[in-house]
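Data first, discussion second: the structure below is written as structure tokens.
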Amino acid sequence: MISTARRTHYRVTLAVLCVGVASFALVQSLTIPVLPRIQEELGTDPTTVTWVVTAYLVSASIFTPLAGRLGDATGKERVLVYALGLLALGSVIAALAPNVAVMILARVVQGVGGGVMPLAFGIIRDEFPEPKIAGAISFVSALMGAGGGFGTVVAGPMVDGLGYVWLFWLPAIVTGAAAVAAWVLVPESPYGLPVASRCSRPCSSPGG
């Protein structure tokens, strides 16, 4: 039984979800334009370095639907914290990677963070007033696209100014903060209950 005596206001929940989704979008795109630099830094070849992107995409494609199902079965907030935590952990490993093999492993761990998307959508459906759901889902979807584009643009200047490791340290810091915020602020959505039972939460009124 999940207590519904006090629920975080849906706008606070949305802010936390947006930080998590934006972090995932940045991690997805930051490495693409600077693969030659990563290749040079890690002393590898063009074929192998492409796995820095491929490993991430394969991992995300596997874990994204799994995270959604796990969230439905065991609690979306709990799985969201784990997904963000693994995304942050993978970023730390990537920043410290001494060779391309460790970098590729780190990218696989980062790919688990793909679960933030279905989990965010599920939390929005569970926690938001009905009139706000469509707008919130559209905003999070747009943020995903915008974050990916922004990552592609800033990757080059970031590497030139700070070094390629900051492609990973920055997401690690932001995603770690998002994981803590999700743990503290995002309410655990009901799970394993009939849909009708999920309408009893006093999270906020439809107007506000």
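The values are calculated or read from the model by the stated rules, or taken from the named source; none is laboratory data. The shown structure was predicted, so the numbers you read here are calculated from the model rather than taken from an experiment. Because the Cβ atoms are built from the backbone with ideal geometry, glycine has one as well, and the counts that use them run over all protein chains shown. When the accessible area is computed, the model is the full protein with side chains, heavy atoms only, and any ligands, DNA or RNA have been set aside. Shrake-Rupley method; radii C 1.70, N 1.55, O 1.52, S 1.80 Å.
If I filter region 153-197 down to residues being at pLDDT below 75 and under 25 Å from the mean Cα position of the chain (by Cα), which single residue comes out as least open to solvent (accessible area, probe 1.4 Å)?
If we take residues in region 153-197 being at pLDDT below 75 and under 25 Å from the mean Cα position of the chain (by Cα), then 189 is least open to solvent (accessible area, probe 1.4 Å).
Looking at the structure I just gave you, is residue 102 open to solvent by 40 Å² or more (accessible area, probe 1.4 Å), among the β-branched types (Val, Ile, Thr), part of a helix (DSSP H, G or I) and modelled with pLDDT of 85 or more? Give the steps one after another, and end with the answer.
Numbers: open to solvent by 40 Å² or more (accessible area, probe 1.4 Å): yes; among the β-branched types (Val, Ile, Thr): yes; part of a helix (DSSP H, G or I): yes; modelled with pLDDT of 85 or more: yes.
In short, yes.
The residues in region 90-99 that are more than 15 Å from residue 179 (Cβ to Cβ) and either within 18 Å of the chain's Cα centre (by Cα) or not in a helix (DSSP H, G or I) (or both) can be counted, and the count is 6. Answer yes or no as to whether residue 84 is surrounded by 15 or more Cβ atoms within 10 Å (Cβ to Cβ), farther than 16 Å from residue 52 by Cβ and aliphatic (A, V, I, L, M). When the stated conditions are applied, residue 84 passes them.
Kindly evaluate residue 16 against the criterion of being within 18 Å of residue 176 (Cα to Cα) and either open to solvent by 10 Å² or more (accessible area, probe 1.4 Å) or in a loop (DSSP other than H, G, I, E, B) (or both).
Values: within 18 Å of residue 176 (Cα to Cα): yes; either open to solvent by 10 Å² or more (accessible area, probe 1.4 Å) or in a loop (DSSP other than H, G, I, E, B) (or both): yes.
Yes.
Note on region 37-87: residues that are among the charged types (D, E, K, R), assigned to a helix (DSSP H, G or I) and closer than 19 Å to residue 107 by Cβ total 3.
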